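Okay, so here's the structure we're looking at.
The values are calculated or read from the model by the stated rules, or taken from the named source; none is laboratory data. No experiment lies behind these values; they were computed from the predicted model shown. Cβ placement follows ideal geometry from the backbone for every residue including glycine, while neighbour counts extend to all protein chains displayed.
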Amino acid sequence: MEVDEDLEASLLRQFNCMLTTDKEVLIKDLQTLVGAHLNEHSARFYLEMTDWNLQAAVCAYFDLQSFNKLPQMTFVKDITIGEGESVPPSTRFIKTWRIQNTGEDGWPSGCSLIFTGGEQLGAPSHVSVSSLGAGEVADISVEMVSPSQTGLYSSKWRMTTAQGNFFGDTIWVIVQVDSGGTLALMQQMVNLKELGSPPSATQSTPTTTFANPFAPVHLGQHQVQQHPEQQEHQQQQQEHQQQQQEHQQHQQEHQQLQHQHNVNGNFQIQSQQPNEISVSSPLMPSCQQDADGDIGM
């Protein structure tokens, strides 16, 4: 009796597998039923586990997903420099997207952004993405190369776990290739502007200022660093100026002494003139005294 039941189960399993022999069709049907987030490798795994029974593979998938919750990702916006501008043919440019973990749990390690369809545009097939905590935001940049022919091109990208399960929003790249495109030029100008911008206050580079040795020295100003030769030359100039000032001071003192000497000499000449007046006057006759004591005129 048990042999009959085993035989019946085996025949039933073989009958279910005989519904189709095209495994690629079963894989696509499973992806259609459970969602586009299931990649081809994972779909093949569930079908092989259930002897290529589509119904059993669907049940096995949802049973496993109830224990293994996929991460959550929301596409915030495209922050590419020059977004909306066309790109010249065969030109490198960078696409940058801002994404957010909108789930309640952090992402597992090994998540990456992979190319899933359209034109790959010279980009790598996958880009590693760091694990984001709940609510965290990250920017993902991918370097691409525009096709050699002008036209409109599209590329499809999705986030995936290390096990190959897709999650989150689909990211589309729409690129207009035109000979007069300016997107790459705008990105180059922004990069040059960032390279030529002055350093921030927190990362300022100290500089050394050299003063002019021939400029006058002002008190109260901050001292600056100078070469030894400049300092020696400036000191010699100061000594020469000091000697000139002393020489001028000596000349002024000499002039003052000479002036004082001249004033004293004039005063002595004027004071001697009244003492030189003769006692006898020519208008008065001379008086003589005789022997008798009488004065004779």
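Filtering the range 98-144 down to residues that are over 28 Å from the mean Cα position of the chain (by Cα) and of a type in the set (D, E, K, R), which residue is surrounded by the most Cβ atoms within 10 Å (Cβ to Cβ)? Among those that are over 28 Å from the mean Cα position of the chain (by Cα) and of a type in the set (D, E, K, R), it is E119.
Of the residues making up the range 25-38, not a single one is part of a helix (DSSP H, G or I), among the hydrophobic types (A, V, I, L, M, F, W, C), modelled with pLDDT under 80 and closer than 30 Å to V137 by Cβ.
Restricting attention to the range 158-194, the residues that are farther than 20 Å from V87 by Cα, assigned to a strand (DSSP E or B) and at pLDDT 90 or above total 8. Pairing each residue of the range 28-54 that is in contact (Cβ under 8 Å) with a residue 60 or more places away in the chain with any residue that is assigned to a loop (DSSP other than H, G, I, E, B), provided the two are 6+ apart or on different chains, yields C-beta distances under 6 Å for N39/G164; H41/G164; S42/G164.
Can you name every residue in the range 39-58 that is within 19 Å of W157 (Cα to Cα) and either touching a Phe, Trp or Tyr at 6+ places or on another chain (Cβ under 7 Å) or in the same structural domain as T170 (by TED's automatic domain parsing) (or both)? Within the range 39-58, just N39 meets the criteria. A Cβ distance below 6 Å, combined with a sequence gap of six or more or placement on separate chains, defines the contacts here; from the range 68-90, residues that are of a type in the set (S, T, Y) reach residues that are part of a loop (DSSP other than H, G, I, E, B) in the pairs T74/T102; S86/D178; S86/G181; S90/S148.
No other residue among G106, G122 is closer than 30 Å to S86 by Cα and either in a loop (DSSP other than H, G, I, E, B) or not assigned by TED's automatic domain parsing to the domain that holds T80 (or both) apart from G122.
K95 meets each of the listed conditions (1) among the charged types (D, E, K, R); (2) surrounded by fewer than 17 Cβ atoms within 10 Å (Cβ to Cβ); (3) modelled with pLDDT of 85 or more apart from (2).
Do you know which of the residues in the range 39-69 that are polar (S, T, N, Q) and assigned to a helix (DSSP H, G or I) is modelled with the lowest pLDDT? Among those that are polar (S, T, N, Q) and assigned to a helix (DSSP H, G or I), it is S66.
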